[in-house]
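The values are calculated or read from the model by the stated rules, or taken from the named source; none is laboratory data. Keep in mind that what you see is a predicted model, and the values were worked out from it rather than measured. Note that each Cβ is placed from the backbone with ideal geometry, even for glycine, and that neighbours are counted across all protein chains shown.
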Amino acid sequence: MNRLCSGIGSLCTFAIVCATLLRPTSSLAGTMVHLSGYPAGTIVIRTSQRRLYYFVSSDTAIQYSVGVGRAGMAWSGTAYIDGKYIKPAWSPPDMIRHENPRIPNVIASGSSANPMGAAAMTLSGGGQYAIHGTNNPGSIGGFVSHGCVRMYNTDILDLYGRVSLGTRVIVLP
């Protein structure tokens with residue numbers, strides 16, 4: 001009997017280890033990469049790569065996979081973090097309301113229709129763009145937004161804790 005229990009225990013352990021190793025990862029958070037050209041504390045978004053880099057030193061950054069602006073809605077330039085919000089409500093911009101006139105003026109925090117996810121950091125320049133979480137993790141890695149940068153909820157919470165108001169954000173094509 002002990003042999004049988006020990007055999008089943010080993011089989012269960014093996015199955016758990018295999019499931020853990022084979023499950024797809026939903027985040028690249030914590031992936032340290034060697035890049036240079038920006039000072040520590042800078043966020044660089046490479047739209048074509050669908051990657052966001054947070055520089056922890058002048059030659060090392062944390063890499064995150066992101067969703068970016070779809071064709072005709074991507075932008076490039078420099079902005080600064082001008083707001084930080086946990087589980088924010090969302091007010092769709094006029095462009096989105098024009099595309100979908102039935103969308104409410106405000107979508108409550110926690111609603112499955114709220115695309116902001118676990119946190120959002122708004123960018124200077126008029127309030128139309130943000131780096132935020134998502135209620136649609138399958139969109140990460142694509143050209144999917146109206147210009148915002150989408151992150152996995154775990155990743156936005158990680159980045160949120162690392163940055164402060166005034167952090168420089170450089171968006172490259």
**Complete:** Looking across the range 108-128 at residues that are modelled with pLDDT under 95 and crowded, with 17+ Cβ neighbours inside 10 Å, the single one that is nearest to the chain's Cα centre (by Cα) is P115
**Complete:** When the range 148-159 is checked residue by residue, the ones that are surrounded by fewer than 18 Cβ atoms within 10 Å (Cβ to Cβ) and either at pLDDT below 95 or among the hydroxyl-bearing types (S, T, Y) (or both) are T154
**Message:** Given the condition within 15 Å of I45 (Cβ to Cβ) and basic (K, R), answer yes or no: does some residue in the range 137-158 qualify?
**Reply:** yes
**Request:** Please state which one of R46, R50 is buried (at least 16 other Cβ atoms within 10 Å of the Cβ), in contact with a Gly (Cβ under 7 Å, 6 or more places away or on another chain) and under 21 Å from V169 (Cβ atoms).
**Result:** R50
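Can you pull out every residue in the range 102-128 that is among the hydroxyl-bearing types (S, T, Y) and either outside any loop (DSSP other than H, G, I, E, B) or over 27 Å from A79 (Cα atoms) (or both)?
Here is the first cut: in the range 102-128, the ones among the hydroxyl-bearing types (S, T, Y) are 109, 111-112, 122, 124.
Correct list: S111, S112, T122.
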**Complete:** Every listed condition ((1) of a type outside the set (K, R); (2) over 18 Å from G147 (Cβ atoms); (3) in contact (Cβ under 8 Å) with a residue 40 or more places away in the chain) holds for G67 save (2)
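Filter the range 43-58 down to the residues that are part of a strand (DSSP E or B) and among the charged types (D, E, K, R), then identify the one that is nearest to I140 (Cα to Cα).
Pass one, the range 43-58, residues part of a strand (DSSP E or B): 43-46, 51-57.
So of that shortlist, the ones also among the charged types (D, E, K, R) come out as 46, 51.
Numbers: R46: 14, R51: 10 Å.
The qualifying residue nearest to I140 (Cα to Cα) is R51.
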**Request:** Name the single residue, out of those in the range 85-107 being in contact (Cβ under 8 Å) with a residue 40 or more places away in the chain and out of contact with any strand residue (DSSP E or B) (no Cβ under 6 Å at 6 or more places or on another chain), that is surrounded by the most Cβ atoms within 10 Å (Cβ to Cβ).
**Result:** P93
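Within the group A61, A74, which residue is in a loop (DSSP other than H, G, I, E, B), closer than 23 Å to S48 by Cβ and either in contact with a helix residue (DSSP H, G or I) (Cβ under 7 Å, 6 or more places away or on another chain) or modelled with pLDDT of 95 or more (or both)?
Selected residue: A74, the only one of A61, A74 that is in a loop (DSSP other than H, G, I, E, B), closer than 23 Å to S48 by Cβ and either in contact with a helix residue (DSSP H, G or I) (Cβ under 7 Å, 6 or more places away or on another chain) or modelled with pLDDT of 95 or more (or both).
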**Complete:** Across (1) surrounded by 14 or more Cβ atoms within 10 Å (Cβ to Cβ); (2) basic (K, R); (3) out of contact with any Gly (no Cβ under 6 Å at 6 or more places or on another chain), R162 clears everything bar (1)
